[in-house]
Structures are given as C-alpha cells and as structure tokens.
Amino acid sequence: MSDLVVSSEEINWETGLYECLEGAFAEAVACGGYAKGYFSSLGEYLRDRFYFPLKGKSFNLFIQNSKAYAEAFVKKLQGKNPHPERVFPRFEEIREKFDIKDVPITIRVGDRIFHFTTRIVESKDQFFDRKLRFVLFSFYDHMERKGEKLGNWDPKSTDELSGAVLEVLKQVQTKFQVDSLMTFSIGNIVLDGLKNLELQEGKKILPKNIIVNRGLTSIEKVSNMLFDYPISRLLYYGACLLQLNADPEQELLNFFERLSQDHPSSLEGRSVRIIEMSHDCYFAGLSGFGKEYHKKLSQTGVESYRGTFFVPGFDEKAHHSLPMHLIPTGGPGAHNEHFPQCEEGETLADHLMRTSLFSAKGGEHTLFMAGGNLDNLDSITCLQVAPFLSSFVRLSKSC
C-alpha cells in the first residue's frame, strides 16, 4: 500500500493504486445504484437530503463560519497559523506533541479510480510512553475518475457509501492495527455495510471496540421523525426502491448474531458503546435505538454499554453535535446505569479515553472515526478528536 505514506501533493493517478476486484465496494460500484433506474433525479435528491446536505449547495452563514473556524483551528494545530488558541484546554501541548497529516488512499474498481483522503492525527513518540492515533474519514472532498472524466465522488447507493468506508478501513489495517471504530451521526452507516460482508471478512475488518456516538439508527425511523405520515412512508419506500435505505441498528445486531452462531469465540474482547443524548434532535426517542437494543447485543456475547446524557444551558438543537468535552457523564437528565465506571465530574471524552482508548503502558491504540453528514476533516479534527487529545495529555501526566 505505497500510497498510504505519501502526501496529498504527491498523488499519481496512474501508479500506486489498490486494485479492488471483489467485495462489497466493488459490487456496489458495479451495481450502479439509483443511476441504473428511471428515477435518478429523485435518487440524487433523497441521497443529498439524507446523507449529503452540503453537496452542491451554497452554505448558510452558520455553516460558513463553522467551516472557517474549524479550518483555522487545524492550521493552528499544525503550526501554520501563529495565533494562539486560548479557549481550548491544553491546546499548546497538543500542538507540540501531536502530528497531523492528510493521507490518500487510491482504489481502482474496473475502469473507475477513487481517491479517498483520510487524516491521521497521532501522538509523537518522544513525548509519551504510549501511542494514540486517530484515522479520520469524512464523506466529502473525495474524487473519482472514469476514463478521462474527473470529478467529485458521486456514490449512487448506501451500499457504495458504507462499502467505501469499509474498503478504506481495510486498507488502513494493512498499515496499522485498528483497535476501535467510532461513528458519529450519519457515519454510523458504515455498520449497514456489514450485511454485504462474508462473515470471515467482517470478523477481520470490524475493530474489536465500536463506539456509536449519536449514530444513525435507520432511515425508516428518521423518515418517521422528520416527516408526517403519509409523506414519511412515501420517502421511506422511495429510499428502499432507490437503494438508499440503511438500517445500521439492525445490521450490527444481525452481524453479532451470525458471529455468535458460527464463531462464538471471536466475540471475546468485543464491545459496543452506544452514546445518546436525551434531547438529540435526530436520533432520540422514536428515532433512537430500541429500548432493549443494548440487551439484545449483550445476548449475542458482545459486551454492551449504553448511556444517555444531558447538557444544560444549550438549545436542544445543539445536543446532537456538542463536543464530548462539554458532555458530563452524570447529573440530572443522564442515565448511565448501563455505562459503567463513570466518575464524578467526568466528561464523555475523559471517560472514553480512560476506559477504552488509553492503552496499557508502552502500547498503542488506533481509532478509525467516521464523521457525520456536515463534517469535513477539519470539523472532525476540531469537534470530535481534539477533546480526546486533551484527555490523553492529562491522563499521560497523571501516570
């Protein structure tokens, strides 16, 4: 995988490609999705409505300012912006002790070439006695070429969306052992792709630890929450017809049930952590995970943890995307009885770092993170990753 170690400026579309001859991504690309049917315009509308709200649109002022802030934040972390960042805790230490680099992964499927850009954020060896590494995936800013035509990646089905993330994850695993997978919001669609994997392949690709952070449950549930009947049913049936339906909630459970039947020993050491917000405007209540879902997961033999959390002082619409260093694990409105080992005054970032991501002395931990449908690599770095870096620095000092 030679192109995993070159910079984005060094990409050569003719060399260093990974050939994807079979598997979920290759099959999804060959299928063509909604582009092969009679309602391609409707398919594109539904895809962008559910999965790509920023695609091909002018951003409102809030989105513009958020993107600009995230971009400036990352440039400060990289040392490309000389101005200090005094708001975020331990920022100067993070800037000194972590590297950030964008890494291309180029895949050929038949006559099409896909260029996916990932980001690696990792601790510098000289500062810590253990290694922490994040590999970030956004659904935006990727390219594809067919023949002489070069343009933005234009997936035509949820199978292509999930298959692409799984294929990138598989290629990253040729370079690093990936210990954890964290999905945020629409990023949870990667778990829908488990239905398209052979059990042996899925067992190998899926990391041992899964953290679902306010993740998509199913398009059916979201349709029922966003729209009134009968519009909700029409949109859902349209999504099914156009291969844009996704149900990661059920597919993850199905996968572990298959493992428990055919390879029960492979469930040892596997865990799923589900993080919900009590006032999430997308995935809570009727559009959230089923009440008994974590128990069903546990019945397969996988360790299952589930917590519902609340942050006072913020409008309900903000709760879906609040960074984890702002979310306390306890207090009124929180239900952490199935999310054990929470300490008084601890944030979610601190808790997950302490209980899941902070490896044994001398070891390393790599987490693959799939962002949401408003996320680019800068916003994932700023809102999702930076809180963990701060927690890592703090815990390293206490050891």
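Summary of computed values
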quantity	calculated
K296 paired with S41, simple spin-label distance in nm, labels 7 Å along Cα-to-beta-carbon	3.9
DSSP bridge pairs, the stretch 242-399: antiparallel proportion in percent, nearest 5	30
Cα gyration tensor shape for the stretch 159-255, rounded if a/c is under 1.5, else prolate or oblate	prolate
Least to most buried among D154, D247 (fewest other Cβ within 10 Å first)	D154, D247
The stretch 296-399: chymotrypsin sites (Phe, Trp or Tyr not before Pro) falling in loop per DSSP and having at most 11 other Cβ within 10 Å	none
Percent of beta bridges antiparallel (DSSP, the chain, rounded to nearest 5)	45
Whole-Å distance, taken between Cα centres, linking the stretch 271-333 and the stretch 225-256	21
Prolate/oblate/rounded label for the stretch 191-307 (Cα gyration tensor, a/c 1.5)	oblate
Per-pair calculated FRET efficiency, R0 = 56 Å: K175 and Y237 via Cβ, rounded to 0.05	0.85
Spatially proximal lysines relative to K195 (Cα-Cα < 24 Å; intrachain offsets below 8 disregarded)	K36, K156, K170, K203, K204, K208, K221, K291, K295, K296
Overall form of the stretch 45-154 per C-alpha gyration tensor (a/c, 1.5; a/b vs b/c)	oblate
Candidate aspartates and glutamates for bridging to K361, where Cα separation is under 19 Å - those fewer than 8 sequence places away on the same chain excluded	E122, D125, D129, D179, D350
Residues of the stretch 331-364 with amide N under 16 Å of a point placed 7 Å along Cα→Cβ from D129	358-364
Long-range HN-HN contacts of H338 with modeled amide H, under 5 Å	R306
FRET E, pair Q64, D141, Förster distance 22 Å, beta-carbon r, rounded to 0.05	0.85
Contact order relative to length of the chain, as percent, for alpha carbon pairs under 8 angstrom and 6 or more apart	20
Cβ-based exposure ranking for T347, T106, in which fewest neighbours within 10 Å come first	T347, T106
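No lab work stands behind these numbers, since they all come straight from the coordinates. Since we're looking at a predicted model, the values are computed, not measured. All Cβ positions, even for glycine, are placed from backbone atoms using ideal geometry, and neighbour counts span all protein chains on display.
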